[in-house]
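Enquirer: My questions will all concern the structure given below.
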Amino acid sequence: MQSSDKESNQGDTRRDFLKKSSLITAVALTPSVALKAAENQVDERFAELFEKIPLNLTVNNKAYKTSIEPRVTLLDYLREELHLTGTKKGCDHGQCGACTVHVDGERVNSCLSLAVMNEGKKITTIEGLANGEELHPMQAAFIKHDGFQCGYCTPGQIMSAVACVKEGHTNSRAEISEYMSGNICRCGAYPNIVDAIVEVSKGGNKA
Amino acid sequence: MEKRVLKDENDRVDGIYKVTGKAKYFAEYELPGLTYGVLVTSTITKGKITSLDTKAAEKAPGVISVLSHLNKPSAPAYEQEGGPAMKIFYTDKVFYNGQPIAMVVANTFERATYAASLVKATYAKEDFNTDFEKAVSDAKAKKLQGQPDYKRGVEDAYKSAEVMIEAKYHLPIETHNPMELHGIIADWRPNNQVMVYAKTQGVKATQGTIANVFKIPIENIQVNSEFVGGGFGMALRTWSLEIATIMASKHVAKPVKLVITRMQMFTMVGNRPAAVQTIGLGANKDGKLTGITHSAFGETSVYENFTEGVVNMAKFMYQCDNVNTRYTVVPVDLGVPIWMRGPGEATGAFALESAIDEMAHALDMDPLEFRIKNDPEKDQQRNKPFSDKNIKEAYRIGSGKIGWSERKNKPGSLVNGQWKSGYGVSIGVFNANRGRASVKGILKADGTLVLQSATSDIGPGTGTGMTLIASKLLGIPNDKIKFELGDSSLPPAPSQGGSATLSTVGSAVNDVCVALKSTIAELAANSNMDATSNFIDVLKKNNLPSIEVTKQSQAGKEREDYSMYSFSIHFVKVKVHSLTGVVKVDKIVSVGDSGTIVSPKTARSQMVGGAVGGVGMALTEESIIDHRYGRYINNNFADYHVPVNADIPEIEVHFINKPDPYINPMGAKGMGEIALIGFSAAVANAVFNATGKRIRTLPITPDKILATS
């Protein structure tokens, strides 16, 4: 502890501040544990405690209670923490739609939402869309109409398509195209995607 | 074998994984102790790094290491003299803006990203030029021969023709932008064992590159790439960022994952090079071509040369005794280009197919009639017959479906309020390649067949096509067949590029299935069974749980006797708004002439995808550089406009679907390139037919239509 304090200068204030403040707090609480931790150079773990904030949310009907850095996006939380990698990163700027998930039933670009903004919310990802072995009608329609090639934009397209039907924006092919234009498909499967949505909307399935 | 839900035998065999999120792309593998790399990039375009301050980054929370030319993480080939000029972390030279100069490795993505922002570089700047068109017109700028000059008959014969046209066409830089961001997971394990999860169009090529750079035996390297989120050519090589990540894993002795940003997709993984082309055409008054001259300049980089087939098509696509071509490349201070779908042939076809339309107009002929009149009987360049060509039939089908008879030869004739309509046509052509590949087949007594090959699927549906070939030959339902790919330990196959996978790997699948069939027949005969016995019964009778066959397949002498190409005809109907100059594509009809269609559903999707890419090339796509700083200014999906759903009209796809008798056992030729080649010219020709305005610079944006009088 002592040596690293001496080293501190203006170049590394954030970490040292956290280190100091964590240790000050820790010393006040349980000095011996904290000091031992510092000796073992596990100050990083203390820093982590102070950088993270608690989060409770539900993903695909499963409740998660965690603590997380506020700068982690919902997308990175799903992919890197929960390993729900069906939700894709295509731009990280809300410009491509590959990361589309449902938050309380609405389609959302998960790269534009910080995980901590979703406290108490219900998230559905592509992994939560099927009913066990039984595919959601939109998933089945994407297979039938070959609404993809490489498959990378597909989870986002399907989540967006399900919402598009639910929103009622399926009165014409042109309307579907318009309301699906936030989801880019570089392989160019657009006409097939519209075919899939037309079929599901005509089937009256608004699940 | 997992249960699949194929309702239709032509459904994609891996569709179920793609619609449920279970398809795993490179960045989605969980490795114990995984760390995250983030790149620091140059903020100047040319010069030297004079200092690199990594102290703050090294001290930032969670940071494990910062790699750069200062610590030169081990890569034996880079420690030697020679080799590539741009050796990542072994050079202090900057060749382009956004070049990776350091990598931060940390225990979370967020920590690596933050720490990367703390690395500070200073530079000694040098003068640079990123403006390709400026370099083309600068007599003092360096220029290199891109391909030997070609001449048949009289040079520049068009100049003395009864009717002649000469025109210059410009293409900007286009960026591949597959939806999946590029990167790699590298895991350098003890005893120099290397495991990577890559985004690659060729697992064997990636394996070979790693072996060369790190000087370790090829068998030490395992490359996995089962699902690839699009490539369009950009994953045909192992980029320096991948080498950097492997260096990093070796250096920190932990697995490292790097996923680059969308902005970095514009600078680090290639692009379709910009081009300036001049076409001269001569014809007699009856509409027979008497001279073709195609001269092209293509962009390349200063640190590595890149060339492609820009002027190929002019040499054989039209009957003409006098043809000459020239292709020159011009280095600029940008990242090195790479083949982008259709590659150079798509660049060349925009110019040639626009010029053909211009000539038809000059002759006051229907451009379709003009093309038919100059359709070649044989390949004059190679002096060989075509193995198979059905262009006239393709014209007939496509013109009927688009409603070509509604077209008026006089531009601007079809007006409906403020909208003017027009029709355009073009040809696409690409060499029908066939390489060498090996496939292993394992036929099991449980009724299943496993096929294995180290090929790739970047989206076209490799596994689906191969499964359909095997299913047809062996009579096994395709849900009992599994085709395994994207794994460097499987029997070797070439990279997925140049529209060759179905032809190359499919032939080996064919040979394996034929061999399995004859083995079963032999076993049946030896055990006194009927020759038509089911293979399950034969294997059981012989107490064999399975039989295995591995076959290597490649083209034979037939390639010496015939000229083999795939063809496409694109018909486009557009409407152009008189006041705003907005172009809306109303209808698309693409006809593919590429032999037998093995996998009808995925083949159609490939043609649809090519047309969508063609709409982008024609109307929206352009990577724009601020030449004062040498930086891209629209390096994101909001400003670089790839077509979205609302840009795309009805697309009809038709196939000739006749086997090419010589190409391979299936009679099937590749389609990935022809789906896009020529398409942009069909749009430009339709815009001309609608408005009388000839736009020779892509993309055809409203400002260009309004500016042309």
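Enquirer: Compare the Cα positions of B:Gly82, B:Gln147, B:Tyr25 along the charge dipole of segment B:1-155 (+1 at Cβ of Lys, Arg; -1 at Cβ of Asp, Glu; about the Cα centre) and return the one farthest towards the positive end.
Expert: Going by the charge dipole, the pick is B:Gly82.
Enquirer: Please list, by residue number, everything in segment B:113-129 whose backbone N is under 14 Å from a paramagnetic label point 7 Å out along Cα→Cβ of B:Lys48.
Expert: From segment B:113-129, the list is B:122-127.
Enquirer: Name the long-range amide H neighbours of A:Ile68: under 5 Å, sequence gap of 5 or more, or other chain; modelled H, no Pro or chain starts.
Expert: Answer set, sorted by chain and number: A:Ile53, A:Leu55.
Enquirer: Report the relative contact order of segment A:105-207, percent, no decimals, based on alpha-carbon pairs under 8 angstrom and at least 6 residues apart. Walk me through the numbers before you get to the answer.
Expert: Details: 96 pairs, mean separation 33.4, N = 103.
It rounds to 32 percent for segment A:105-207.
Enquirer: In nm, give the distance between the simple-model label positions of B:Ala362 and B:Asn526, each being 7 Å from the Cα along the Cα-to-Cβ direction.
Expert: Each label point is offset 7 Å from its Cα along the Cβ direction, giving 7.1 nm.
Enquirer: Grab the beta carbon distance between B:Asp375 and B:Gln145, set R0 = 35 Å, and tell me the FRET efficiency rounded to 0.05. Intermediate values should be presented prior to the final figure.
Expert: Details: r = 31 Å, r/R0 = 0.89.
E between B:Asp375 and B:Gln145, to the nearest 0.05, is 0.65.
Enquirer: Expressed as a rounded percentage, what relative contact order does segment B:1-119 have, with Cα pairs under 8 Å and six or more residues apart?
Expert: So the answer I get is 37 percent.
Enquirer: Taking 0.36 nm per residue of sequence separation and subtracting the Cα-Cα distance, how much length would be gained by fully extending the chain between B:Val415 and B:Ala638, in nm to one decimal?
Expert: Here the segment from B:Val415 to B:Ala638 would lengthen by 77.0 nm.
Enquirer: A further question follows. Pairwise over distinct Cα atoms, reciprocal of the mean inverse distance: report the Kirkwood radius of chain B in Å, one decimal place. Show your work: numbers first, answer last.
Expert: Numbers: mean 1/r = 0.0370 Å⁻¹.
That comes to 27.0 Å for chain B.
Enquirer: OK, next. When only DSSP loop residues count, what trypsin sites (Lys or Arg not before Pro) in segment B:531-628 have their Cβ near at most 12 other Cβ atoms within 10 Å?
Expert: B:Lys557, B:Arg628
Enquirer: Straight-line reach from A:Lys166: which lysines have a Cα under 24 Å away, not including same-chain ones fewer than 8 places off?
Expert: Within the straight-line cut-off, A:Lys166 pairs with A:Lys62, A:Lys88, A:Lys121, A:Lys122, A:Lys144, A:Lys202, A:Lys206, B:Lys18.
Enquirer: For a footprinting-style exposure proxy, rank B:Lys87, A:Lys166, B:Lys215 by other Cβ within 10 Å, fewest first.
Expert: B:Lys215, A:Lys166, B:Lys87
Enquirer: Using a simple spin-label model with points 7 Å from Cα along the Cα→Cβ vector, what separation in nm is obtained for B:Arg436 and B:Asn383?
Expert: 2.9
Enquirer: Could you tell me the relative contact order of chain B? Use alpha-carbon pairs under 8 Å, at least six residues apart, and round to a whole percent. Intermediate results must be reported in sequence, preceding the final value.
Expert: Numbers: 1828 pairs, mean separation 112.8, N = 709.
16 percent.
Enquirer: Fewest first, what order do A:Arg71, B:Arg371 take by the number of other Cβ atoms within 10 Å?
Expert: Details: A:Arg71 15, B:Arg371 23.
With the sparsest Cβ surroundings first, the list reads A:Arg71, B:Arg371.
Enquirer: Counting other beta carbons within 10 Å of each Cβ, put A:Met117, B:Met617 in order, fewest first. Walk me through the numbers on the way to the answer.
Expert: Values: A:Met117 14, B:Met617 30.
Placing the least packed residue first, the sequence is A:Met117, B:Met617.
Enquirer: Give the aspartates and glutamates reachable from B:Lys693 as a straight Cα distance under 19 Å; neighbours fewer than 8 places away on the same chain don't count.
Expert: Of all the aspartates and glutamates, those that pass the test against B:Lys693 - Cα under 19 Å, at least 8 places apart if same chain - are B:Glu166, B:Glu353, B:Asp357, B:Glu358, B:Asp364, B:Asp366, B:Asp586, B:Asp703.
Enquirer: Okay, next question. Please give the charge dipole size of segment B:556-709, origin at the Cα centre, charges +1 on K and R Cβ atoms and -1 on D and E Cβ atoms. Round to the nearest 20 debye.
Expert: Rounded to the nearest 20 debye, it is 300 debye.
Enquirer: A further question follows. Using only the alpha carbons of segment B:25-104, determine the length spanned along each of the three principal axes and report them from longest to shortest in whole angstroms.
Expert: Extents along the principal axes, in whole Å: 37, 28, 22.
Enquirer: Then there is this: Hey, can you grab everything whose amide H is under 5 Å from the amide H of B:Asp487? Only 5+ residues off in sequence or another chain; H modelled, so Pro and N-termini drop out.
Expert: Those lying under 5 Å, H to H, from B:Asp487 are B:Ser225, B:Thr455.
Enquirer: Now for a different question. Please give every one of the lysines within straight-line cross-link reach of B:Lys389, meaning a C-alpha to C-alpha distance under 18 Å, and leave out same-chain neighbours fewer than 8 residues apart.
Expert: Leaving aside lysines fewer than 8 places away in the same chain, those within reach of B:Lys389 are B:Lys315, B:Lys373, B:Lys378, B:Lys658, B:Lys669.
Enquirer: Additional query: Using a Förster distance of 22 Å, how high is the FRET efficiency between A:Glu134 and A:His93, based on the Cβ-Cβ distance and rounded to 0.05?
Expert: Step by step, r from the Cβ atoms, then E = 0.05.
Enquirer: Follow-up. Taking the Cα centre of the protein assembly as shown as the origin, how large is its charge dipole in debye, to the nearest 20, when only Lys and Arg (+1) and Asp and Glu (-1) carry charge on their Cβ atoms?
Expert: Values: 103 positive and 99 negative charges, 33 e Å.
It comes to approximately 160 debye.
Enquirer: Provide Rg and Dmax in Å for segment A:93-168, with only Cα atoms included in the calculation.
Expert: 12.6, 38
Enquirer: Could you pull out which residues in segment B:468-499 have an amide N less than 15 Å from a spot 7 Å beyond the Cα of B:Asn212, following the Cα-Cβ vector?
Expert: Those under the cut-off are B:495.
Enquirer: Charges only on Cβ, +1 for Lys and Arg, -1 for Asp and Glu: so what's the dipole of chain B about the Cα centre, in debye to the nearest 20?
Expert: 400
Enquirer: So if we plug the beta-carbon distance of B:Ile624 and B:Asn534 into 1/(1 + (r/R0)^6) with R0 = 60 Å, what FRET efficiency do we get, rounded to 0.05?
Expert: Working from the Cβ atoms, E equals 0.45.
Enquirer: Among B:His627, B:Val512, B:Ala351, which residue has its Cα positioned farthest towards the positive end of the charge dipole of chain B, with +1 placed on the Cβ of Lys and Arg, -1 on the Cβ of Asp and Glu, and the dipole taken about the Cα centre?
Expert: B:His627
Enquirer: How far is it, in nm, from the label point at B:Arg694 to the one at B:Thr278 when both lie 7 Å from their Cα along the line to the Cβ?
Expert: 1.5
Enquirer: Among B:Gly581, B:His654, B:Asn284, whose Cα lies farthest out toward the positive end of the dipole of the protein assembly as shown, if unit charges sit on the beta carbon of Lys, Arg (+1) and Asp, Glu (-1)?
Expert: B:Asn284
Enquirer: In terms of modelled amide H atoms, which long-range or inter-chain residues lie less than 5 Å from the amide H of B:Tyr565?
Expert: Sorted by chain and number, the residues that satisfy this are B:Ser387, B:Asp388, B:Ala432.
Enquirer: Can you list which of the trypsin sites (Lys or Arg not before Pro) found in segment B:385-438 are DSSP loop residues with at most 15 other C-beta atoms within 10 Å?
Expert: Details: sites: B:Lys389, B:Lys392, B:Arg396, B:Lys401, B:Arg407, B:Lys408, B:Lys420, B:Arg434, B:Arg436; in loops: B:Lys389, B:Arg407, B:Lys408, B:Arg434, B:Arg436.
Taking segment B:385-438 and a limit of 15 other Cβ atoms within 10 Å, the loop trypsin sites (Lys or Arg not before Pro) found are B:Lys408, B:Arg436.
Enquirer: How big is the protein assembly as shown along each principal axis, measuring the range of its Cα positions in Å and listing the largest first?
Expert: Principal extents (largest minus smallest coordinate, Cα): 99, 81, 62 Å.
Enquirer: Averaging over every viewing direction, what projected area does the convex hull of the Cα atoms of segment B:435-554 cover, in nm²?
Expert: On the way: hull surface 27.5 nm².
If I average the Cα hull's projected area over directions, I get 6.9 nm².
Throughout, read-outs are computed from the coordinates displayed, never taken from laboratory work. These figures come from a predicted structure and were not determined experimentally. As a convention, Cβ positions derive from the backbone with ideal geometry for all residues, glycine included, and neighbour counts pool all protein chains shown.
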